[in-house]
1. Could you calculate the contour length gain from GLU202 to TRP467, that is, 0.36 nm times the residue separation minus the distance between their Cα atoms, to one decimal place in nm?
2. Order the following by accessible area, largest value first: ASP424, ASP470, ASP35. Probe radius 1.4 Å; ligands, DNA and RNA are ignored.
3. As an exercise, identify the chymotrypsin sites (Phe, Trp or Tyr not before Pro) in region 260-301 lying in DSSP coil whose Cβ has no more than 14 other Cβ atoms within 10 Å.
4. How much of GLU153 can a 1.4 Å solvent probe reach, expressed as accessible area in Å² and rounded to 10?
5. What is the distance, in nm, between label points placed 7 Å from the Cα along the Cα-to-Cβ direction at SER33 and at ARG177?
6. Go through region 164-171 residue by residue and turn each phi into a ³J(HN,Hα) via Karplus (6.51, -1.76, 1.60, θ = phi - 60°); whole Hz please, and just put x for glycine and proline.
7. Using protein chains only and a probe of 1.4 angstrom, how many square angstrom of MET46 are accessible, to the nearest 10?
8. How far, in nm, would the chain grow between GLU232 and ILE319 when pulled straight, counting 0.36 nm per residue and subtracting the alpha carbon separation?
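The values are calculated or read from the model by the stated rules, or taken from the named source; none is laboratory data. Keep in mind it's a predicted model, so treat the numbers as computed, not measured. All Cβ positions, even for glycine, are placed from backbone atoms using ideal geometry, and neighbour counts span all protein chains on display. These accessible areas exclude ligands, DNA and RNA; they are computed on the full protein's heavy atoms, side chains included. Shrake-Rupley method; radii C 1.70, N 1.55, O 1.52, S 1.80 Å.
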Amino acid sequence: MKRCPRRKQQDIRQSIITPSKKSDGRSQLNTYSFDQSFARKELAYMIIIHEYPLSIVEHAGFRRYSNALQPLFKVVSRSTITVDNCSTNDLMIQLFLEKLSSNLLSGGDIFHMRCCAHILALIVKKGLEGIKGAIELIRNSVAYWKATPKRVEKFEEAARQLNISSINKLVLDCETRWNSTYLMLNTAIKYQKVFARLKQREPQYDCLPDDEDWLLAKEMSDKLKIFYTFTEKFSGVKYPTTNLFFPSFCDIRLSLNEWKKSKVGVIKEMAYEMIEKFEEYWFVINGVMAVEIMLDPRFKMKLIEFYFPQIYGQAFSKIEIDRVRDLCVDLATEYELKVKFAETSVSQNDLSFTSEMHGFNDDVDPLEKFDMFVSNTAPTSTVKSELTNYLEEDVLPRIGNFDILAWWKKNGIKYPVLQCMTRDILAIPVSTVASESAFSTGGRFVSVQRNRLHPKTLEALMCAQDWLRDMLNGKKLH
């Protein structure tokens, strides 16, 4: 569905550049509106036209200059790429790896971070297929009793007669969004007796779920709660750093193991299918997430040593723990080279500047560069000791409002290489919720109640929603 632009570029420029002179000769902007996407396009335009290196966005001078012009502008990174989880993009990532693997950390093993929200959606979707019939009956029942105000009134009256609180209204789900299906089931289950009572009074109501359907719905609702709670973390206003998601993923895996023991055949079969889907992605993402946990001074390797024996069993857990430990060592070694290279570049620049200033001054040691060469080619042992010392220290107590970024900023002098790792690893987004919601716009707007609306009406609703959200966020429309 085509989305109409929020405003024209000319309007944006006019709203930004409206200076007026004061009596003392200075200029000021009467009105000012900032558009992040427009600024990013102009940055891309500048890089393309003048053939600037992509790394310019990471230069300290460029960032200081951008911040001086507009502190609200979030400078992009030359190494962050966010894509949707689809087969086409998987192929694109593979092409990237073939071209760039020699220049990537760990040979590109941690280049692609799967969207955790999407992984959860695929796992749940696999599980919901097992009770598709029961869900369909409940969905049709909810749709029937929400279709008209008169039916809603009948439903609420029947609930009062049965002394069932009707504070929670019936929720009709969107089939493309499993979390809405969870909310629908969770609410409908409370009114099971109401649906049965109304079946006796309403001949046209012919989609009543039977007792087995309700049992399956209840079982699924209880089991989806952990997925729903986890997904809410991705959709919050404040997005936490990635180290906070590893325990939740481990808990989900352990829960699936318990579901395999269910006495309900459908649930047991569902658990095996969900585990199969889980394992398809778990091996890809658990390396990165485990490194993130290792960099959390409250957990380090202890949390991994706690969860992995429960997930893999004692026989295989040591292999997986050693794999994570080796990955941490390899990354730390690579990061030490990066840190040393940065320090060497600065030192060499300073040295060449000094030589230009002093020429053949006798006070300058001609073998100073040789000394630098010797220090740079000395055996590397600091990484192992730095990582070992960090891991051997006691973990910090788990207290509320712990700021991991502030902790690493404070301890950067003690662990400079690990601090550099932390800055990059914890910045890896584990979810593309924002883009996922954009891709799912059609499913949200074209609901059962709206499936006959004219395309232009839907387009108007979508655009109006975007504009109203901007107004709520304090942005001025033009």
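1. Working: separation 265, 0.36 × 265 = 95.40 nm, distance 4.29 nm.
Taking 0.36 nm per residue and subtracting the Cα distance, the gain is 91.1 nm.
2. Result of the area sort, largest leading: ASP424, ASP35, ASP470.
3. In loop regions of region 260-301 (DSSP not H, G, I, E or B), there are no sparsely surrounded chymotrypsin sites (Phe, Trp or Tyr not before Pro).
4. Here the accessible area works out near 120 Å².
5. According to this spin-label approximation, the distance is 2.7 nm.
6. Each residue's phi maps through the Karplus curve to give 10, 5, 10, 5, 7, 6, 4, 10 Hz.
7. 60
8. Working it through step by step, the gained length comes to 28.0 nm.
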